[in-house]
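Peer 1: Mind looking over this structure? Questions follow.
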Amino acid sequence: MRLIFILSGLLWASISYSQHVVKGTVQNEQGEPIEGVNILVVENSSGTISDDKGLFELRLNTSGKYSLQFSHLQYHAQVINLNTDALPESFSIILETKEEILEGLEVIAKEPNVIAVNRVRLSTENLNLAPVPFQEITSIIATLPSVTSNNELSSAYSVRGGNYDENLVLVNGIPVYRPFLVRSGQEEGLSFINTDLISSVDFSAGGWSVEYDDKMSSVLSATYKSPKQFGGSAMISLLGAKAHLEGKIGDNTEYLIGARHKRAGYLLNTLNVKGNYDPKFTDIQTFWKFRLSDKTSIDLLGAYANNNYQLVPEMSSVSFGTFNKELRLNVAFDGQQQLKYHTMQGAVKLNHRVSPNIYWSTILSVSNYNEQESIDLEAGYRLCDVDKNVGSATFDECISLRGIGTIYNYSRNQLSAVLIDAESALSYQINESQALNLGVAYSRQLFDDYINEFELIDSAGYVNVEDQMLGEHDTRAHIIKGYVQHSIDHDQWSWVYGVRINHNTINRHTLVSPRVLVNYVPEGRGNIDFSMGIGVYQQQPFYKEYRNTDGSLITDIKGQSSAHINLGVNYRMTWWGRQFILSTEAYYKYLWNQIPYIIENVRLQYYPEYKAHAYAVGFETRLGGEFIPGTESWFSLGILSTEERIDELDEDYVRRPTDQRFKIGFVFEDHIPGDPSLRVNLNFQYGSGLPVGPPNTLIGRNSFGGGDYTRLDIGFSKIIKFDDKMLDFVRLGVEINNLIGSRNAVSYTWIKDVYNQQFAVPNYLTGRLFNVVLTTQF
């Protein structure tokens, strides 16, 4: 035993003697220290990170030549070579700021340390390499623990028990909207945000400041690029194509132009309804920045989207139940659906630096929506028992008839909407640690709506008229808004508090929303911080909330309100010489004056004649970082419970339509060791089933558990880089969407048999799909 100790001591002495210590500081161009820089030893993948003073210390166990890579998300990476035989006492490394991270952020007032308890910044590389159809941004944020999106065909998502209409989406501070009449994900085009044009995307699921508009669930804020030279990209796949150009004209004009075309027929052919799908979506966006002087600039945003969807269904066959007791619904169709959604939006933003510590901006945005739905569709169905006796001659065939009938759907819906948003905001930097932000805004909402739809069901020898809506309305609303906010930043504590007010001329109600956010960093522990947010989040009714189930309008309703409590912890750690961050958060939301609703695919049907109160409570955690050097991946877990009670109907609380109790997801990127040009990207979601219930009624709603949602997408790509200045790279990718072929149900059709028993027949989403993608950048 003594010999072992002696040998161990000699070995340790030998190792200690051979160690070489590398010390230094990392700074930006202004000489300011940079915290959290990853210092990686290329030869052995060991490393460290810089502290809050930019200092780092690294020990090398053996002599020789090494390459050290310095990387940070906000700075360009730098590699230095060194020799242990000639080490200086200290290195001084200067990293250059990435222009795409700071582009567009012309606010002179210092951004407070805490503007939201929960905020995630998504990188453009994650968005552009994700193996999801159309590189839709919703498919990426759906892997976050806060987000529920059980429909890969839709850009709709819910956050922490809220619904699809409770999410604020901004592009350079300009609000954008989804189509209003769309009823199923397969009819949708693409979300407004074009991933080719953005420099950064911030997502907040709770505890954001009063600067953001009046929504109750989340904020998704995209910042478009500020290009410095001519460039562009192009992509073509089996599902569509897109391209963009960017550059400068002279010294003071910058431009972005992007176009996307989506043909989803190839994807929709994997649905259980077979027929002739002809969906076409095309949009064009352009963003211009004119720098009038060192103090003043003007931003212009223009967008046009044309979405035509036509379906001539032929037949459908769906099996459900258990293996030993399987039922099958066979449906034959006659008729078609034809839907058209046209959108135009223009916006101008004036940015002016009044003085070195005062910044002023004004936004004016006008959006126009024209939507039409024409449906004439008759379906004859047979419900039968399936023979599951393996040795039978009729195995897997219908052996007894349970029900037979027809369903007829008719719709002639038209909607025209003009939305005008104007906002003026002022930021005043009082001193190095304090800032004052205030703003006023005005929204004008004009809706002209004609709705005429019904459903006839002929089952068991009698006809029922279901889900009938008829109405013609002209709705005009003025909403006046304002906020004031004060932020205080100290070495350890940061405070942001303020109040937001809005008034709606339709219901004549005024909503007041105070909020407080706090951030604390323990002394000497720069790798951990604690955040807390307490506040009121309210939103005035939008057009769809006023519309009742029969097509009439009920305008005397209050704004929906909620009080949020958010507690968050961020812990930064170093593994394998690279930085990782573990974010955890617990939250509770109490909601009152809620308008009950049910979800049919992606269509929300509100019941404004009722009023409910509800709650949402949950816990979330997310681990993100460079699991593979030079890549960004994350794993997430969310636990949620949200329930409501309608005083006139419910004796106790019932589950809300978005009550997803359990959710895990991850985005992961890997590459061949030594050859980062060969990459594998994974995108995974698993969520417990959302509740369902009988259609067209609040009684018994959400009383059954729907099926779980599981989806794994994988992509393989080869990136070929060129030294030619005209072409940066070409990427050839092969993607397999829904790799494991999960049968995920998006909704249920309720069918009665001859015994008047009712069955929920699942309507499944897309199956496994192979896609080929070719991308280039210049």
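Peer 1: Any idea what the dipole of the chain comes to, in debye rounded to 20, about its Cα centre with Lys/Arg Cβ at +1 and Asp/Glu Cβ at -1?
Peer 2: That gives the chain a dipole magnitude of about 740 debye.
Peer 1: Tilt of helix 2-18 relative to the longest C-alpha principal axis of the chain, in degrees (0 to 90, nearest 10)?
Peer 2: 80
Peer 1: Considering only DSSP states other than H, G, I, E and B, which GluC sites (Glu not before Pro) in the stretch 618-724 qualify as loop sites with at most 13 other Cβ atoms within 10 Å? The partial results should precede the final answer.
Peer 2: Values: sites: GLU620, GLU626, GLU632, GLU643, GLU644, GLU648, GLU651, GLU669; in loops: GLU626, GLU632, GLU648, GLU651.
Taking the stretch 618-724 and a limit of 13 other Cβ atoms within 10 Å, the loop GluC sites (Glu not before Pro) found are GLU648, GLU651.
Peer 1: Could you calculate the contour length gain from SER552 to MET315, that is, 0.36 nm times the residue separation minus the distance between their Cα atoms, to one decimal place in nm?
Peer 2: Values: separation 237, 0.36 × 237 = 85.32 nm, distance 3.46 nm.
Taking SER552 through MET315 to full extension adds about 81.9 nm, to one decimal.
Peer 1: With a point put 7 Å past each Cα toward its Cβ, work out how far PHE395 is from ASP251 in nm, to one decimal.
Peer 2: 8.1
Peer 1: Can you work out the accessible area per residue across the stretch 483-543, with the rest of the protein chains kept in place, probe 1.4 Å, in square angstrom?
Peer 2: Values: 2640 Å² over 61 residues.
I get 43 Å² per residue for this part.
Peer 1: Just to confirm my numbers, what's the Cα centroid distance between the stretch 358-413 and the stretch 224-287 in Å?
Peer 2: 29
Peer 1: Roughly to the nearest percent, how much of the accessible area of the stretch 122-172 is carbon and sulfur, given a 1.4 Å probe?
Peer 2: Values: 360 of 760 Å².
It is 48 percent, rounded to a whole number.
Peer 1: According to a simple spin-label model (label point 7 Å from Cα along Cα-to-Cβ), what is the distance in nm between VAL772 and GLU378?
Peer 2: For GLU378 paired with VAL772, the spin-label model returns 4.3 nm.
Peer 1: I'd like the FRET efficiency for ASN431 and LEU87, computed as 1/(1 + (r/R0)^6) with the beta carbon distance as r and R0 of 56 Å, rounded to 0.05. Each step should come with its number before you reach the end.
Peer 2: Working: r = 42 Å, r/R0 = 0.76.
It comes to 0.85.
Peer 1: Starting from 0.36 nm per residue, how many nanometres of slack lie between ASN452 and GLU29 once their C-alpha separation is accounted for? Show your work: numbers first, answer last.
Peer 2: Numbers: separation 423, 0.36 × 423 = 152.28 nm, distance 6.34 nm.
Difference between extended and current length: 145.9 nm.
Peer 1: If you don't mind, there's one more thing I want to ask. Of LEU649, GLY535, THR710, which is farthest along the charge dipole of the chain in the positive direction, counting Lys and Arg as +1 and Asp and Glu as -1 at C-beta?
Peer 2: Value: THR710.
Peer 1: Run the numbers for GLU472 and LEU727: contour at 0.36 nm per residue of separation, minus the present Cα-Cα distance, in nm.
Peer 2: Contour length minus the Cα-Cα distance gives 86.3 nm.
Peer 1: Too long at a 30 Å Cα-Cα cut-off: which of LYS225/LYS718; LYS53/LYS215; LYS481/LYS589?
Peer 2: Values: LYS225/LYS718 26 Å; LYS53/LYS215 39 Å; LYS481/LYS589 23 Å.
Correct reply: LYS53/LYS215.
Peer 1: Under a 1.4 Å probe, what is the accessible area of the stretch 693-778 per residue, stated in Å²? Could the numbers behind the result be given before it?
Peer 2: Numbers: 4430 Å² over 86 residues.
Computed with neighbouring chains in place, this is 51 Å² per residue.
Peer 1: May I pose another question? When the accessible area of the stretch 385-505 is computed with all protein chains present and a 1.4 Å probe, what percentage of it is carbon and sulfur?
Peer 2: Carbon and sulfur together cover 56 percent of it.
Peer 1: Of all accessible surface on the stretch 581-725 at a 1.4 Å probe, what whole percent is carbon and sulfur? It would help to have the intermediate numbers written out before the result.
Peer 2: Numbers: 3700 of 6050 Å².
So the carbon and sulfur contribution to the accessible surface is 61 percent.
Peer 1: Determine, from the Cβ-Cβ distance of VAL680 and VAL499 and an R0 of 35 Å, the FRET efficiency 1/(1 + (r/R0)^6), rounded to the nearest 0.05.
Peer 2: Values: r = 49 Å, r/R0 = 1.39.
Result of the calculation: an efficiency of 0.10.
Peer 1: Summing -39500 (n - 2.57) over the DSSP H runs of n ≥ 4 in the chain and dividing by its residue number, what mean residue ellipticity at 222 nm do you reach, to the nearest 500 deg cm²/dmol? Walk me through the numbers on the way to the answer.
Peer 2: Details: 6 runs with 40 residues, N = 778.
Helix-only estimate at 222 nm: -1000 deg cm²/dmol.
Peer 1: Here is a follow-up. Under 18 Å Cα-Cα from LYS663, which aspartates and glutamates qualify once same-chain neighbours fewer than 8 residues away are excluded?
Peer 2: Hits, sequence-local ones excluded: GLU152, GLU585, GLU620, GLU643, ASP708, ASP713.
Peer 1: In addition: I'd like the FRET efficiency for GLU609 and ASP385, computed as 1/(1 + (r/R0)^6) with the beta carbon distance as r and R0 of 35 Å, rounded to 0.05. Could the numbers behind the result be given before it?
Peer 2: On the way: r = 41 Å, r/R0 = 1.18.
E between GLU609 and ASP385, to the nearest 0.05, is 0.30.
The values are calculated or read from the model by the stated rules, or taken from the named source; none is laboratory data. Quick caveat, the model's predicted, so the values are computed rather than measured. Virtual Cβ from ideal backbone geometry, glycine too; neighbours counted across all protein chains shown. Surface accessibility is based on the protein's heavy atoms, side chains included, excluding ligands, DNA and RNA. Shrake-Rupley method; radii C 1.70, N 1.55, O 1.52, S 1.80 Å.
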